[in-house]
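A.B. asks: Quick one: structure below, then a few questions.
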Amino acid sequence: MILRSILFISFHFLGIISFSMTFGIESLGVQLPQAVLDVDLLATLHKVDPEKFRIGLGCRQMALCGEKETVVDLAVGAAQKALKTWKGDPKKIGFLAVGTETSLDEARPLSAWVAQTLGLSGNIRSYEVKHACYGGMLAVRQALEWKLSGAGHPEQVALVVAADVCMYPFLHAAEPTQGAGAVALIIGDPLLCSLDQKSYCYSEPLFDFWRPTGQFYPIVQGKLSIDAYCRALYQCAKNFTEEKGLEDFLALDHLCFHVPFPKMVFRAVSLLVHRLKLTEQQTEKILKDAAQAVFWNQDIGNAYTASLWISFAYALGHGTQGQRLGIFSFGSGCGAEFMTAKIHHTGNTPWVRDIQEQLKNRQSLSIKEYEALRKNLP
Ligand code: HMG
């Protein structure tokens, strides 16, 4: 740490800081809500073939908050898990950003609720980031760029949380894609993985999915949103391959995506491989990589900002040192970003067992219990 501080000060003085420092993730925590509903049960309510949800959308289960559980519980739970395995001094947290579209207030940021429960105050930049599901990636990028800029003290770390509860109206076509969850990342030294400085963005002003102020449920233009996701993935991948080359894209060992529903990823990737004119062998590899990282998402559903980082947690937890990850974020509205990371951990992945335990210990709801839970919603 002392050496890092001396290097930081000298590089900063020489103005070459951005070429000399590598930052990444020091710790990771995931919090899932207490309850879960099997999509087969929901299919009976919708009076549709369960295969439509299981195969047509690729969903298995939806994570649901219990009666008194809120987005704050999820965000705090994830942060506490990340802090517990980190073992660092919370006084070193100089940056706290919460990416969410489940805000509790128009002015007070969700980060204030997190800071309050965790007892974080003082020399900390604390705020909320909103851009639909893209808010989590934006918070991660801002934390990384805060470290790279030298705006904080070199020993300070950033705590980023992506947390959301995704609900749609009863019997709406999107209801089987509901979900909830939170992922917290401590960003500082590259202990678990390094995060590459360069990223590839795409945005386009759209009304494909939005939630007017004061309204509980979003308004969804399903087909428009699917097309926007596909277009954004292609544009980001094109920007990446034009700069780094197609070989570099194909050499990535894991691909993690925002997962509104698992089939969305296959749809967008299938279109991408077609537009990139990949060979059969290359296509097979990319589709296989994409399929692997949605494993947990299939049992969680769309946790909006957290969905990508759940997929990332799976890939990071199941990868090995030296492997590289491609990370794609999409948020309606719409904004998207693709970045890469490299695995540094040597098998220390406490969150993997923790998530498996959480998945196993959730309360499985009956249809009646699900309907009762919904009675409290608008
Ligand atoms: P739907 O009405 O279920 O659509 O709505 P569908 O009738 O087209 O059926 C879906 C698929 O099931 C189709 O597959 C059917 O063929 C298939 P496809 O042809 O598309 O490959 N199917 C069956 N398969 C097997 N057996 C059967 C069967 N019957 C039908 N028996 C929709 C689906 C996604 C539109 C809806 O769930 C929705 O509106 N979801 C919300 C919007 C969304 O998730 N968009 C994704 C991109 S936007 C995004 O990612 C941002 C977001 O996360 C928000 C944010 O950024 O904050 C949503």
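A.B. asks: Could you say which residue among 230, 256 is assigned to a helix (DSSP H, G or I) and either more than 9 Å from the ligand (Cβ to nearest atom) or under 19 Å from residue 56 (Cβ atoms) (or both)?
C.D. replies: Details: 256 fails: assigned to a helix (DSSP H, G or I).
Answer to the selection: 230.
A.B. asks: From the list 97, 78, which residue is of a type outside the set (D, E, K, R), closer than 26 Å to residue 301 by Cα, within 19 Å of the chain's Cα centre (by Cα) and in a helix (DSSP H, G or I)?
C.D. replies: Working: 97 fails: in a helix (DSSP H, G or I).
Unique residue meeting the criteria: 78.
A.B. asks: A follow-up question, please. Pairs needed: first member in segment 278-306, in contact (Cβ under 8 Å) with a residue 12 or more places away in the chain; second member anywhere, within 15 Å of the ligand (Cβ to nearest atom) and of a type in the set (Lys, Arg); C-beta distance under 7 Å; at least 6 residues apart or different chains.
C.D. replies: 298/60; 299/60
A.B. asks: Something else now. Mind checking which pairs have a first residue in segment 246-261 that is under 15 Å from residue 289 (Cα atoms) and a second that is of a type in the set (Asp, Glu), Cβ under 9 Å, 6 or more apart or different chains?
C.D. replies: Between residues of segment 246-261 that are under 15 Å from residue 289 (Cα atoms) and residues that are of a type in the set (Asp, Glu), the close pairs are 252/289; 253/289; 254/289; 255/289.
A.B. asks: Collect the residues in segment 42-98 that are more than 16 Å from the ligand (Cβ to nearest atom), of a type in the set (A, V, I, L, M) and surrounded by fewer than 22 Cβ atoms within 10 Å (Cβ to Cβ), keeping them in residue-number order.
C.D. replies: 72, 83
A.B. asks: Restricting to segment 265-304, what's the tally of residues that are in contact with a Leu (Cβ under 8 Å, 6 or more places away or on another chain), within 23 Å of residue 218 (Cα to Cα) and either of a type outside the set (A, V, I, L, M) or within 11 Å of the ligand (Cβ to nearest atom) (or both)?
C.D. replies: 2
A.B. asks: Follow-up question, since we're still on this one. Taking residue 138 as meeting all but one of (1) within 16 Å of the ligand (Cβ to nearest atom); (2) buried (at least 21 other Cβ atoms within 10 Å of the Cβ); (3) not in a helix (DSSP H, G or I), write down the number of the exception.
C.D. replies: For residue 138, the exception is condition (3).
One line per residue, one yes/no per condition, for (1) touching a Cys at 6+ places or on another chain (Cβ under 6 Å); (2) modelled with pLDDT of 95 or more:
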residue: 279; (1), (2): no, yes
residue: 282; (1), (2): no, yes
residue: 286; (1), (2): no, yes
residue: 292; (1), (2): no, no
residue: 297; (1), (2): no, yes
residue: 302; (1), (2): yes, yes
residue: 308; (1), (2): no, yes
residue: 311; (1), (2): yes, yes
residue: 321; (1), (2): no, yes
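The values are calculated or read from the model by the stated rules, or taken from the named source; none is laboratory data. Only a predicted model underlies this, so the values are computations on that prediction, with no experimental measurement involved. Here the Cβ is made from the backbone with ideal geometry for all residues, glycine too, and neighbour counts use every protein chain on show.
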